[in-house]
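Notes for the one structure printed next.
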Amino acid sequence: MNIIDFKKPAKSALRGHPSAPVLEKVLTVVLKTDVPVLMGICSDGLRSNSMILGGEFRGEFISGSVLSGGSSSLVELSAELIFLDTRFTLITQLGELINVESRGVMLMDEAGQQELQNGIWPISEGHYQCTCTPRFQVSLGANEWLDKSAFIGKIEYIHANETLMSFYRMKF
């Protein structure tokens, strides 16, 4: 067994400037949801839950549908900040299952906050910014790369019951 002496000075390694990751769009998912149910004020904020009823997805080499039964929750922490947690399962045209767990953050400007206070949903485009970090679970095989990459996502609310999620793989 090797023991590392962290007190001993090490030679500094000269490395080039690391390049920024490039984003490659890999999946576009349209989620269909039911009407959100207001759970009320919880220990972490004002929470609402909705059930995922279905949807569809596509990528360069993969496409299919969203299975019903997933869930989406929003937790309003302040007038401008909402945390998101979405879990659902995709099924490819070949019958392969892909579990998706996505956590995100929505920031709203004053106009977006006012719309939300007035019961308007979705908030008008340009008055919010919503990003997420998806994680995928797949069986061994052709889609294994989803489990071995880092992703970031952008969320857009198209209609009251329709959400567009675009997922990007970070490549170095």
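Only the coordinates and a few stated rules stand behind these numbers; no lab work does. These numbers come from a predicted model, not from an experiment. Methodologically, a virtual Cβ is constructed for each residue, glycine included, from the backbone with ideal geometry; neighbour enumeration extends over all protein chains shown.
Phi angles of the stretch 54-62 translate, via the Karplus equation with coefficients 6.51, -1.76, 1.60 and θ = phi - 60°, into HN-Hα couplings of x, x, 8, 8, 8, x, 5, 10, 8 Hz per residue; Gly and Pro are given as x.
Taking Cα centre as origin and charging only the Cβ of basic (Lys, Arg, +1) and acidic (Asp, Glu, -1) residues, the dipole magnitude of the chain rounds to 1000 debye. In the chain the Cα-Cα distances spread across 5 Å bins starting at 0 as 2, 7, 14, 18, 16, 12, 9, 7, 5, 4, 3, 2, 0 percent of all pairs. Ordering 85, 5 from the fewest to the most neighbouring beta carbons within 10 Å gives 5, 85. With neighbour counts taken as other beta-carbon atoms within 10 Å, the residues 51, 108, 170 rank, fewest first, as 170, 51, 108.
Once you reduce the stretch 117-160 and the stretch 77-110 to the center of their Cα atoms, the two points are 5 Å from each other.
Excluding same-chain neighbours fewer than eight residues apart, the lysines reachable from residue 154 by a Cα-Cα span under 28 Å are 25, 32, 171.
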